[in-house]
Amino acid sequence: MASSQPPFGDPKVVTFPNTTTLDIEERDEFDYSKRSQWLRAAVLGANDGLVSTASLMMGMGAVKQDVKAMILVGFAGLVAGACSMAIGEYVSVYSQLDIEVAQRKRDGEGDGDGGDGLPNPWQAASASALSFSMGAMVPLLAASFIREYRVRMGVVVAAVTLALLGFGWLGAVLGRAPAIRSSARVLVGGWVAMAVTFGLTKLIGGNAI
């Protein structure tokens, strides 16, 4: 008696080695590329806020040991940087939005501005400004309550180091990238920025002031 099964199995079912139907469904339901817009803005903003504010504070600390001067320049860097990041991200994403809307109109997708998946300029700007501020708060808080100059500088560097590792790891995990490589890259970049700012400010300040 002939078997009722097709000779090559059910043609409607495609299977892959070591892959379950649940795995396929989960990959279909969640696309990590959808995180790219807000993740890019958030991670970039946090790292930029952390590194730029810490570098400004280290530069001030290179020529002036007063804690008030260091906090003041750090706060000014926070406000200016958050505004700059928000405006820059808004303009950039809005340009991308205009391009995609125009393309959808050329493709005949209605008026082009009602579909899913379009970039959101306000979301990107808000995420960038907020994350920049959060990153900038790390060195500010680390330096706020320490009067002793050398201890304050050391605490700022230590706090920034931990935060850089954390931001690098978080961005890698959320984006499914290698965590160690990403964290190391962010950490080394932050150290270089602080060292260069401190050194050049010390050099120029020592000769000019």
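The values are calculated or read from the model by the stated rules, or taken from the named source; none is laboratory data. Quick caveat: nothing in here was measured; it's all calculated off a predicted structure. Cβ placement follows ideal geometry from the backbone for every residue including glycine, while neighbour counts extend to all protein chains displayed.
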- prompt: Mind checking whether some residue in the range 182-198 is assigned to a helix (DSSP H, G or I), over 18 Å from Ser52 (Cα atoms), at pLDDT below 85 and among the hydroxyl-bearing types (Ser, Thr, Tyr)?
  reply: yes
Scope the range 52-92; condition acidic (Asp, Glu) and without any contact (Cβ under 8 Å) to a residue 12 or more places away in the chain; matching residues: Asp66
message: Here's a check for you: in the range 151-181, which residue that is among the basic types (Lys, Arg) and either at pLDDT 90 or above or assigned to a helix (DSSP H, G or I) (or both) is farthest from the chain's Cα centre (by Cα)?
response: Arg152
field: Members of the range 178-188 that are surrounded by 14 or more Cβ atoms within 10 Å (Cβ to Cβ) and more than 12 Å from Ala46 (Cβ to Cβ)
entry: Ala179, Ser182, Ser183, Ala184, Arg185, Leu187
message: Please go through the range 87-108 and give me each residue that is within 17 Å of Ala42 (Cβ to Cβ) and aromatic (Phe, Trp, Tyr), ordered by number.
response: Tyr90
task: Being within 25 Å of Tyr149 (Cα to Cα) and either of a type in the set (Gly, Ala, Ser) or outside any helix (DSSP H, G or I) (or both) is the filter; apply it to the range 69-84 and report the residue that is nearest to the chain's Cα centre (by Cα).
output: Gly77
query: Within the range 142-150, is even one residue without any contact (Cβ under 8 Å) to a residue 12 or more places away in the chain, exposed (fewer than 13 other Cβ atoms within 10 Å of the Cβ), more than 22 Å from the chain's Cα centre (by Cα) and assigned to a helix (DSSP H, G or I)?
result: yes
